[in-house]
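Nothing in this text is a laboratory measurement; each read-out follows from the coordinates by a stated rule. Source: prediction; values computed, not measured. So basically every Cβ, Gly included, is an ideal-geometry build from the backbone, and we count neighbours across all protein chains shown.
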Amino acid sequence: MSKFIGIRHEDKYVMERRAPLTPRHVERLIKGKQLDIVVQTSPKRVFTDQEYIKAGARIADNLGECSVILGVKEMPIDFFEPQKTYVFFSHVIKGQAYNMPMLKRMMELGCNLIDYEKIVDEQGRRLIFFGRYAGLAGMINSLWSLGLRLKEAGFETPFLKITQAHHYASLEEARKVISEVGQEIAEKGLPAELRPFTVGFTGYGNVSQGAQEILGLLPVKEISPEKLLELTVRGHAPNNLIYKVIFKEEHLSAHNDGRSFDLHDYYTHPENYHSIFEKYIPHLSVLMNCMYWDARYPRLITKDYLEKAFASGNPKLTVIGDVTCDPDGSIEITHKGTEIEDPIFVYNPVTRKPVMGHKGEGMLVMAVDILPSELPRDASNGFADALVNFVKPISDCDFSEPFEDLDIPRAIKKALILHNGELTHDFQYIKEYL
């Protein structure tokens, strides 16, 4: 079989414009590693066909001659071909029901599946990720949403100068605008009714760090979750300061038996823990949800909690930036991931129904499912910087060999979910979801 490497056109979302490798990285692989790269033509990819041609790649309508195919998001069932190797975010490791038919088809065809999400170092830290850009775009979008929502409540604020992330030509352009907003807040302050103005972050990994990077362009002071509980009186905090709070696992959950929090035990036996996050919610203006979550863990915000909170008047919390974006997940009112062209909704806690847009009674949620694609050029460059060194080893690997004999970097081998159509040892648990 030929060793052509293909770059697939992304078609899961209308505004998915990212690429796993940029023209700059393609040129490096062609000239430096003598690889043959075929790029599937795309009318919307942020990098044009012409840019890839200039880099030395060939443009084609399909990738039939390629044995290794790189993508970003999930691929349609009829795209897969027998015995080929596919590298993309498959979203199957939690047993996601909507992707089980895709996984079954890949198994039937004897495909190899490498998932970026599972490419990690010896400490389990991810090596190839868009997470930082999800945080960057998520914070930009949340500040934009905040301006709209506060205006609905009668407050004209500097946040109105911020727009949705994908409207900026680059991350640098967005930074410039938000820095100017920060300068205006520092000089003129925010309305007394909004003080103390607080932004909470769940999680402290790449996603959270990206979001904090954007908030850091505003006049920010970091305080502890314990200190947050003392900021009780509205209007008495400085008007030109935003308080930032980072919540770790011990602030979110407590052991059911009252024993002291143990991080290892929490991750091993999450069923023995319950949420204690509700005590912080009344003190937050904005919540950025940037943590990993699955159904084993307690929720952060429930529908029942919001119904009670709104029964006694509009709460302080104005916007939830749900970057984690698990439908019916840690933020229970996130009923679905939203699209870039329709990114926000207001959840009414009385009717328990969402309405798209920023108007109406309730809580505004920003839950775009493909946030890094709002900064497609920057995000693709950062992602490809991490991926590029793994491309030749993947290309050179003879996947027909037994799993134990595969000559491939350990990080890639650990991310091999399917080998010749069979679930590898670490991913046998997925069988129960099939």
| task | With a point put 7 Å past each Cα toward its Cβ, work out how far Glu108 is from Lys316 in nm, to one decimal. | result | 5.5 nm
| Relative to the longest principal Cα axis of the chain, at what angle does helix 171-188 sit, 0 to 90 degrees, rounded to 10? | 10 degrees
| said: Less than 20 Å from a label point 7 Å out along the Cα-to-Cβ axis of Asp398: which backbone N atoms in region 2-25 qualify, by residue? | reply: 2-5
| remark: Residues of region 395-409 with backbone N under 20 Å of the label point set 7 Å from the Cα of Gln428 along Cα→Cβ are 402-406
| said: Quick check for me: using +1 on Lys/Arg Cβ and -1 on Asp/Glu Cβ, what's the dipole size of the chain about its Cα centre, in debye to the nearest 20? | reply: 900 debye
| task | State the extension gain, in nm to one decimal, for the chain segment bounded by Lys308 and Ile276, taking 0.36 nm per residue of separation less the distance between their alpha-carbons. | result | 9.9 nm
| field | Full-stretch length increase - Glu156, Glu172 - with 0.36 nm per residue and alpha-carbon distance subtracted | value | 3.2 nm
| Kirkwood Rh, Cα Rg: Rg to Rh for the chain? | 0.99
| remark: Karplus-derived 3J(HN,Hα) from phi for region 351-362 (6.51 cos²θ - 1.76 cosθ + 1.60, θ = phi - 60°), whole Hz, x at Gly and Pro, runs 7, 6, 10, x, 10, 5, x, 10, 9, x, 7, x
| field | Expected 222 nm ellipticity per residue - DSSP helices of 4 or more, -39500 (n - 2.57), all of the chain, to 500 | value | -8500 deg cm²/dmol
| message | Just to confirm a number: summing +1 for Lys and Arg and -1 for Asp and Glu over residues other than Lys73 whose beta-carbon lies under 14 angstrom from that of Lys73, what do you get? | response | -2
| What size of dipole, in debye to the nearest 20, comes out for region 131-374 about its Cα centre when the only charges are +1 on Lys and Arg C-beta atoms and -1 on Asp and Glu C-beta atoms? | 620 debye
| field | Efficiency of FRET between Ser179 and Lys359 - r from beta-carbon atoms, R0 25 angstrom, step 0.05 | value | 0.30
| Amide H within-cut-off set for Gly329, under 5 Å, with H built and near neighbours excluded | Thr334
| remark: Taking Cα pairs closer than 8 Å and at least 6 residues apart, the relative contact order of the chain in percent is 19 percent
| What angle do you read, to the nearest 10 degrees and between 0 and 90, between the alpha-carbon axis of helix 23-33 and the longest principal axis of the chain? | 40 degrees
| Do you know the relative contact order of region 244-300, to the nearest whole percent, from alpha carbon pairs under 8 angstrom that are 6+ apart? | 37 percent
| task | Could I have the simple spin-label model distance between Gln123 and Tyr267, label points 7 Å from Cα toward Cβ, reported in nm to one decimal? | result | 1.2 nm
| request: Take the Cα of Glu81, step 7 Å along the line toward its Cβ, and report every residue of region 6-26 whose backbone nitrogen sits under 18 Å from that point. | output: 6-10
| field | chymotrypsin sites (Phe, Trp or Tyr not before Pro) lying in DSSP loop within region 143-217, provided at most 15 other Cβ fall within 10 Å | value | Tyr204
| remark: The helix 376-396 Cα axis meets the longest alpha-carbon principal axis of the chain at an angle in degrees, between 0 and 90 and rounded to 10, of 30 degrees
| field | Tail fraction, Cα-Cα pairs, region 287-434, threshold 26 Å, whole percent | value | 49 percent
| Whole-Hz ³J(HN,Hα) from phi, Karplus 6.51 cos²θ - 1.76 cosθ + 1.60, for region 281-293, glycine and proline x | 4, x, 9, 9, 8, 9, 10, 9, 8, 10, 9, 6, 8
| query | What does the highest-first list of 251-262, 370-381, 180-191 look like by mean Cβ count within 10 Å? | reply | 370-381, 180-191, 251-262
